[in-house]
Structure formats: C-alpha cells, structure tokens
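Colleague: Below are the structure tokens for one structure; questions will follow.
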Amino acid sequence: MTTEIETPAVLVDLATVQANIRRFQDHAAAAGLLARPHVKTHKLPQIARLQIEAGAIGITCQKIGEAEALVAAEPSIRDVLITYDIVGAAKLKRLRGLAEAVSLSVVADSAAVVEGLTGAFAGAGSPLRVLVECDTGGQRCGVQTPEAARDLALVVAASPGLRFGGLMTYPKAGGAAQAARFLGEAKTVIEAAGLAVETVTSGGTPDIWHAERGGILTEYRPGTYVYNDRSLVARGVAAVEDCALTVLATVVSVPTPNRAIIDAGTKILTSDLLGLSGHGLVIGRPDIAIDQLSEEHGRLVSAGPIDLRVGDRVSIVPNHACVVTNMVDTVHVRMPDATVEVWQVVARGRLV
C-alpha cells in the first residue's frame, strides 16, 4: 500500500512501536523504576495512550503547548511532567490552566524561575509540584552542585503555591554513573535539611538499558526508544529492525551512474548528524550513502553503480527520529493487520 503514498512521507510501523514500548516497560519494572516516557519523539495521542496502557505513570513534555495538545486529545493522560524552565507571564497563566486539568509537575534551576512559578500559583487550590533540575554533566540547564540543589529545594519548599517534589536531570550520553553520584549526594544533603525527596528522575534513550534504581532513581524518561533511529543503532542501543519510523522517498534524478537524487532533504530528514557520517540509512542498500542534503533534495552516492532509476522508492532510517516528527503534519501508520492509517501529529509545532 506504500506505493499509493505521496513522497516524501513518514511511515511508522505500529507493531514495532508496540514491541519497543513493551521492551522498555518490562525493563523499567525489572529495574524497579517508574516509566514516564517523553512524548517529544512521537507527539501523538495514540502512542501516548499505548505507553500509558503498558504501564507508564504519565508523560513527559518539553513545552506547555505540547502538553496542552496531547492532554486535550487523549483522556488517559492524567499526569504530566514538563522538563523545561517556564518563564514569562503568558506561559505561567497557561501553566496554571493546565494544572487544573491534570496532575502537573515542572522543573526549576534558579530562584528566578521559582519566583515566577510562585507568583502564578500562590492561592491555587493545590500546590504545583516543582522538581529541582540538576546539571549532572549534560551542560544544559540545571544547578551545578548538590549543595545548590539543596538550597533551591529549600526556596521551593518555602514558596507559596509550590511543593518541592524531588530532583530531575537529563545526563549526557554515557553519563548515568556520574548523574547517579550527583543525584545521590543531592538527595543526602536535601534530606539532611529536613525535606523529603519524593522523586528522582532521569532520562535519555542512549542509556536506556543501563537505567536502574540503584537506590537513587525512582523513574526514567526515555523518548526516542519508541521509534529508535540510526544514531541509536550506531550506539548499539537498538537494531535496524527496532526502528519503527522511516522516511519514504522517491528517486527524481539519476544524473550519473553512481549518483541519484531523492525528494527528501533537510525539511524531512533533518540536518542532524549526531556524530554520524551521512544523513540516514537506506534500508537494504548498505552500499549507498546519503552524503548531502539541501532543503528539498537528498544526494545518494555509491562507490559502484547505484542501480536506481527515476521513480524508484527508498526507505530511510533517519539519524534523529524526534526532529522528523516535528516536520510533518501527518504520519502513515502501518497497522499490525498491514492496513495503513494516516494520523495527525497533533503536537507538531507546539514550541511555546
């Protein structure tokens, strides 16, 4: 049925998605961890529902708009963690509205962010649960020391309308042990200051199979695992057959014997390399490299004859599946019975 799909198009194999969800849920249960998957990868209420039905306690979102779209579309989503500093009066007003619809948690890494949150939630019927974000090596957001985590936790606990809920981090790939040390030290000094550390949450699909409680973590937030991609195959986290999302493209030109042009460029395959060479894996053709992208063209090259004709179609595992999702209005979902459905990506473009 894929011959009827106009290209470029994003295809999702639902049976593979379901297998990926079950594999992680089983791993989390065996490790004594709660599962709170990040929906940034799929942005689909249907897949969020599958994750919750499999045992996830709720979802993780990066932006308020992403959470608003999914909560409105899927009634089973009742618990949301937004792992992003919320700043600005307009966003804080929307955040309070969202908190009236679901059990909501957010993060903060500074007193300035906490000040905005308490200004919005002072007087609310229920306090907003706030986790302190910790920089455990990823060098993005987060407090820099365990002692700083304690100090900010005390600020949260003393702020009207807020409740200290625990610790959150997004560690660098391969940094799980480093993150555990930081979080363990932070938990110890916070508890010594008289506060309970209810939740210690980490994430990242690159370390998904090494995620374990270890006396520190209580939950884990992977995102890309639901689809997997070429970067995770390269890391040994998944196999090609575990990649549920592919880009279907058509050959539109074969100007030389060893070069072909497809109708998929940066606007669907993304320019992300993630340390890789080339812009995706052409399934079944290990001899072909996607060595160059412009906005609407992808260049395929081979050391020998490329053996493609105008009109041929290729399936590509992208380097980074999460970005692909946010560039299309719909995805074509291959159902377990081999039929194909078209699903709207309801949280696409919800960046505020």
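Colleague: Somewhere in region 80-100, is a residue modelled with pLDDT of 95 or more, among the charged types (D, E, K, R), in contact with a strand residue (DSSP E or B) (Cβ under 9 Å, 6 or more places away or on another chain) and more than 25 Å from PRO318 (Cα to Cα)?
Modeller: Scanning region 80-100, I find at least one residue that is modelled with pLDDT of 95 or more, among the charged types (D, E, K, R), in contact with a strand residue (DSSP E or B) (Cβ under 9 Å, 6 or more places away or on another chain) and more than 25 Å from PRO318 (Cα to Cα), so the answer is yes.
Colleague: Next up: Taking the stated definitions as given, is PRO305 without any contact (Cβ under 8 Å) to a residue 12 or more places away in the chain, surrounded by fewer than 21 Cβ atoms within 10 Å (Cβ to Cβ) and over 30 Å from ILE64 (Cβ atoms)?
Modeller: For PRO305, the condition - without any contact (Cβ under 8 Å) to a residue 12 or more places away in the chain, surrounded by fewer than 21 Cβ atoms within 10 Å (Cβ to Cβ) and over 30 Å from ILE64 (Cβ atoms) - is not met.
Colleague: Right, next: Just the residues that are more than 19 Å from VAL197 (Cα to Cα), assigned to a loop (DSSP other than H, G, I, E, B) and under 27 Å from the mean Cα position of the chain (by Cα), please, taken from region 117-140.
Modeller: GLY137, GLY138, GLN139, ARG140
Colleague: When you scan region 320-332, do you find a residue that is farther than 25 Å from HIS38 by Cβ and buried (at least 16 other Cβ atoms within 10 Å of the Cβ), even just one?
Modeller: no
Colleague: Among what's in region 334-346 and is closer than 18 Å to GLU74 by Cα and touching a helix residue (DSSP H, G or I) at 6+ places or on another chain (Cβ under 7 Å), pick the residue that is surrounded by the fewest Cβ atoms within 10 Å (Cβ to Cβ).
Modeller: The qualifying residue surrounded by the fewest Cβ atoms within 10 Å (Cβ to Cβ) is TRP343.
Colleague: For region 1-86, list the helices (runs of 4 or more DSSP H) that sit wholly inside it and hold at least 2 residues that are outside the structural domain of GLY311 (by TED's automatic domain parsing) and of a type in the set (Asp, Glu); which are they?
Modeller: By residue number, 64-73.
Colleague: Look through GLY311, GLY275 and report the one residue that is of a type in the set (Gly, Ala, Ser) and out of contact with any strand residue (DSSP E or B) (no Cβ under 7 Å at 6 or more places or on another chain).
Modeller: Going through GLY311, GLY275 in turn, the sole match is GLY275.
Colleague: Looking at region 127-154, which of its residues are under 16 Å from ALA112 (Cβ atoms) and surrounded by fewer than 19 Cβ atoms within 10 Å (Cβ to Cβ)?
Modeller: Hits for region 127-154 are GLN144, ALA148, ASP151, LEU154.
Colleague: Something else about it: Residues of region 158-172 being touching a Gly at 6+ places or on another chain (Cβ under 9 Å) and not in a loop (DSSP other than H, G, I, E, B), which ones?
Modeller: MET168, THR169
The values are calculated or read from the model by the stated rules, or taken from the named source; none is laboratory data. Keep in mind it's a predicted model, so treat the numbers as computed, not measured. Please note: Cβ atoms are built from the backbone with ideal geometry, for glycine as well, and neighbour counts cover all protein chains shown.
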